[in-house]
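This report concerns only the one structure given below.
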Amino acid sequence: LKDHKRAIVPADASGMTVINKDVRERYLSAMPEDSRTWHSFAADEWLENRVDLSGYDEAFRTVERTYHLLKAGRKSEACRIISNNIYDLMYIDDRDFLDALLTVTNPPEKNILDVLALTCEIAINVSDYKVARETAERLAETVVFEGEENEEHGDAQGYAYLAEVYALRGMKEEADKFIHLVQESNSALAKLILADILVDMKEYGLAAEEINKLTKIPRAHEASVFRRHYVMAKLNLALRNEDCTAMEVSECVPEVPPTEEFVIKMLN
């Protein structure tokens, strides 16, 4: 709608919209039974910026694009966005987004590790530990072939998420088993997820030890470089070292797309 001097949608004192029942039913009755058409339209609006979206952070646009692509059934496009912008999405704690993501039952091979990892992250964020555990188990069993001599394994990352799920459920013995498997692995990213878990468990000394073992991550490994700065920011925040936290947040940003605002939202 064009700008109006008067509010179009009324709101109550808390800011929640209040729509007359008759009006609501008339609008919804005009909606096609297959809502994918509407979601596809919305996805294209966010993708092509056909309206003025300058007031929205690029990371927020990424969330909107991905959600509507998933709901529209345009799953290959959504998976590509997930792989290219995973750190714009991992802070999400929205059940609707998780449900949309769970409709991607067979992601393309080149995106599968990212899609499964994001599913674990969001499931943990919304406290759906059953989905998180099942997805982490699938991630741990996933092998992606990228040529005859080059393959990627999701095992260590899957173990890290399993350790987090069991730690959050207070099942220390089970968590310790997967923590040990991560420590024995060669995955920098999995070890940084482990350090993140240790911060949540208030094991600050152990978290610092895990981070300090990984001082020479190749800059080409953007996800691990970002995660190291992010976990160090989180650790310093827990220890009330605000200046160090701010420095690590600023170091996060050049590596991958999120703005400082979104890194701070993730930390919150």
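One Cα centroid belongs to the stretch 194-234, the other to the stretch 70-134; the line between them spans 23 Å. Computed in the context of the full set of protein chains, the accessible area of the stretch 99-255 at 1.4 Å probe radius has 47% of its extent on carbon or sulfur. Pairs with C-alpha atoms separated by more than 29 Å, drawn from the list Lys71/Lys191; Lys75/Lys177; Lys21/Lys75; Lys177/Lys202, are Lys71/Lys191; Lys75/Lys177; Lys21/Lys75. Computed extension gain for Ala238 through Phe41, at 0.36 nm per residue and net of the alpha carbon distance, reaches 66.7 nm.
Express in nm, to one decimal, how much length is gained between Lys216 and Met16 on full extension, taking 0.36 nm for each residue of separation and deducting their alpha carbon distance.
On the way: separation 200, 0.36 × 200 = 72.00 nm, distance 4.92 nm.
Computed gain between Lys216 and Met16 is 67.1 nm.
The slack between Val143 and Arg24, meaning 0.36 nm per residue of separation minus the straight C-alpha distance, is 38.0 nm.
Might you tell me the accessible area per residue for the stretch 87-156, computed with a 1.4 Å probe and given in Å²? Walk me through the numbers before you get to the answer.
On the way: 3410 Å² over 70 residues.
Ligands and nucleic acids excluded, the figure is 49 Å² per residue.
For the listed peptides 166-173, 60-67, 224-231, a ranking on the average number of other beta carbons within 10 Å per residue, highest first, reads 224-231, 60-67, 166-173.
Any idea of the accessible area per residue across the stretch 190-231, 1.4 Å probe, to the nearest Å²?
Details: 2020 Å² over 42 residues.
Result: 48 Å² of accessible area for each residue.
The values are calculated or read from the model by the stated rules, or taken from the named source; none is laboratory data. No experiment lies behind these values; they were computed from the predicted model shown. Every residue, glycine as well, gets a Cβ built from its backbone with ideal geometry; the counts of neighbours run over all protein chains shown. Keep in mind that these areas ignore ligands, DNA and RNA; they rest on the heavy atoms of the full protein, side chains included. Shrake-Rupley method; radii C 1.70, N 1.55, O 1.52, S 1.80 Å.
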